[in-house]
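Please treat every number below as a calculation from the coordinates, not as lab data. Keep in mind the model is a prediction, meaning the values are calculated, not measured. Because the Cβ atoms are built from the backbone with ideal geometry, glycine has one as well, and the counts that use them run over all protein chains shown.
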Amino acid sequence: MCADGRGGKLFEAGLFYQWAIVPKNLSEPIGCVSVVSQDNRIATAQAGYAIGKRWWHEGITSEALKRVMDFLFDQVGFNRIEARHDPRNTHSGAVMKKYGMLYEGPLRHAD
């Protein structure tokens, strides 16, 4: 999910958004946050994230998602940001809820 090589031109055109998660005390990425899909007609984005297991439960993903959501709302102008997670991964759901995402229900047969 994090690296697909589409690069800067799509970012500059507002068609692709992806950020590396790099803690201040490290010089290498440990994860990423991306817009995995978007609908510009209704200004909606779906966010996705991944982080190395070693850094789970440290608040790093929550902080990264918050910064990306702020950017997408304030700088890009999205009206809605969605995300989904495997229902067996309640910690990922907690990351979403921490910064105001609301649980709307299961998407049956979505993936």
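Points to keep in mind about this one:
- When the Cα gyration tensor is reduced to axis lengths a ≥ b ≥ c, the ratio a/c is 1.5 or higher for segment 56-111, and with a/b not above b/c it is classed as oblate.
- Annotation: amide H-H contacts under 5 Å for residue 21 (H modelled 1.01 Å from N, sequence separation of 5 or more, or interchain): 30, 31, 32, 33.
- If you wrap the Cα atoms of segment 30-79 in a convex hull and average its projected area over all directions, you get 3.4 nm².
- Neighbour-limited loop hits for chymotrypsin sites (Phe, Trp or Tyr not before Pro), segment 47-111 (at most 16 other Cβ within 10 Å; DSSP other than H, G, I, E, B): 56, 99, 103
- Zone of residue 79's modelled label, taken as backbone nitrogen in segment 87-111 under 20 Å from a point 7 Å along Cα→Cβ: 101-104
- The label-point distance for residue 97 and residue 28, in a model that sets each label 7 Å from Cα toward Cβ, rounds to 3.5 nm.
- Value at 222 nm in deg cm²/dmol, rounded to 500, when DSSP H runs of n ≥ 4 in the chain each add -39,500 (n - 2.57): -6500 deg cm²/dmol
- Comparing Cα centroids, segment 23-48 and segment 51-90 end up 7 angstrom apart.
- Loop-resident sites, segment 42-93, for trypsin sites (Lys or Arg not before Pro), counting at most 11 other Cβ within 10 Å (DSSP): 88
- Given charges at beta-carbon only (K, R positive; D, E negative), |dipole| of the chain in Debye: 180 debye
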